[in-house]
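The values are calculated or read from the model by the stated rules, or taken from the named source; none is laboratory data. Everything numeric here is computed off the predicted structure, so don't read it as measured data. A quick note on method: Cβ atoms are made from the backbone with ideal geometry, for glycine too, and the neighbour counts reach across all protein chains shown.
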Amino acid sequence: MASEKELIWIARDLSKCSGCRKCEIACSLFHEKRIWPEASRVRVFMLVPGVEFPHFCAQCEDYPCVQACPVNALSVSKETGAVLVDFNACTGCGKCIEACPGRIPHMHPVENKVLICDLCGGDPQCVKVCQEGLWNVLLVVPRGNYSYKLYARTPEEIARDLVAKIFGEGGEQYI
C-alpha cells in the first residue's frame, strides 16, 4: 500500500464501527499467526452498550512513547512512520504506556513485551478487513502535517465523545 517514501496513517470514523472485531482478528492472525484478540495491536472497546470502537496507535508526530523508552526498544519506521518494537530489547517497563496520551500501548498477554500498531509494515490488515466488510471505519491515507496526537485519547474519552455524537448531548453521563 505504501511506497518507499510515502508515510501512511490510518484515518478513522469511529461512529461507523459495528463492533465486529474483525480488525482484532486480522491483526492477531498477521502478528501472532492465530486468532488471539488479546495479542492484537488494535483493541475494540465497548464501554457503553451499542458503542464499540477500535483503539490503536495514532502515531503521534512527536512519538512520546519512543522518547520515553529507557532501553531504546522503540523506533519509528522510515517507510511507514509507525512505531516499531524491538521485542529483544523491550523490558516491559511500561514507560511507553505512561507516556502515551491515549494509554494505547499494552502488554502482550504472555510475554512481558509491549504491543503497538506497526501498520503491518505498510499494509494494515485491520484496514483491509474493514474495507472488505464495507464498514469503512478504517482507511489508509497519506500522512500529512496534522496533529495526530489529537487521536491519542483514552477509551473513556473516545467513548464519551461517541456517546454524545450517537445519542446526543447528555448521553455521556452513562460513561
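Some points to look at:
- Evaluation of Val42 against (1) without any contact (Cβ under 8 Å) to a residue 40 or more places away in the chain; (2) touching a Pro at 6+ places or on another chain (Cβ under 6 Å) (one fails), failing number: (1)
- On the stretch given as segment 138-169, residues that are acidic (Asp, Glu) and modelled with pLDDT under 90 total 1.
- Residue count for segment 93-118, restricted to those that are touching a residue at least 60 places away in the same chain (Cβ under 8 Å) and more than 17 Å from Ile25 (Cα to Cα): 1
- Candidates Ala68, Ala39, Ala58 - the one that is in contact with a Phe, Trp or Tyr (Cβ under 8 Å, 6 or more places away or on another chain) and of a type in the set (A, V, I, L, M): Ala58
- Pro49 farther than 20 Å from Val129 by Cβ, touching a Cys at 6+ places or on another chain (Cβ under 9 Å) and either surrounded by 21 or more Cβ atoms within 10 Å (Cβ to Cβ) or not aliphatic (A, V, I, L, M) (or both): no
- Checking Cys130, Cys120, Cys126 one by one, the residue that is on the phi > 0 side of the Ramachandran plot and surrounded by 16 or more Cβ atoms within 10 Å (Cβ to Cβ) is Cys120 and no other.
- Between Cys90, Cys130, the distinction of being touching a strand residue (DSSP E or B) at 6+ places or on another chain (Cβ under 6 Å) and part of a loop (DSSP other than H, G, I, E, B) belongs to Cys90 only.
- Residues located in segment 8-30, provided they are more than 16 Å from Cys120 (Cβ to Cβ) and assigned to a helix (DSSP H, G or I): Leu14, Ser15, Lys16
Residues are listed down the side, and each one gets a yes or a no for (1) under 22 Å from Val48 (Cβ atoms); (2) without any contact (Cβ under 8 Å) to a residue 24 or more places away in the chain:
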residue	(1), (2)
Cys120	no, no
Asp123	no, no
Val129	no, no
Glu132	no, yes
Val141	no, no
Arg153	yes, no
Ile158	yes, no
Lys165	yes, no
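- Scanning segment 72-84 finds no residues that are assigned to a helix (DSSP H, G or I), at positive phi and either without any contact (Cβ under 8 Å) to a residue 60 or more places away in the chain or more than 14 Å from the chain's Cα centre (by Cα) (or both).
- Residues that are assigned to a loop (DSSP other than H, G, I, E, B), closer than 17 Å to Leu7 by Cβ and small (Gly, Ala, Ser) are absent from segment 99-111.
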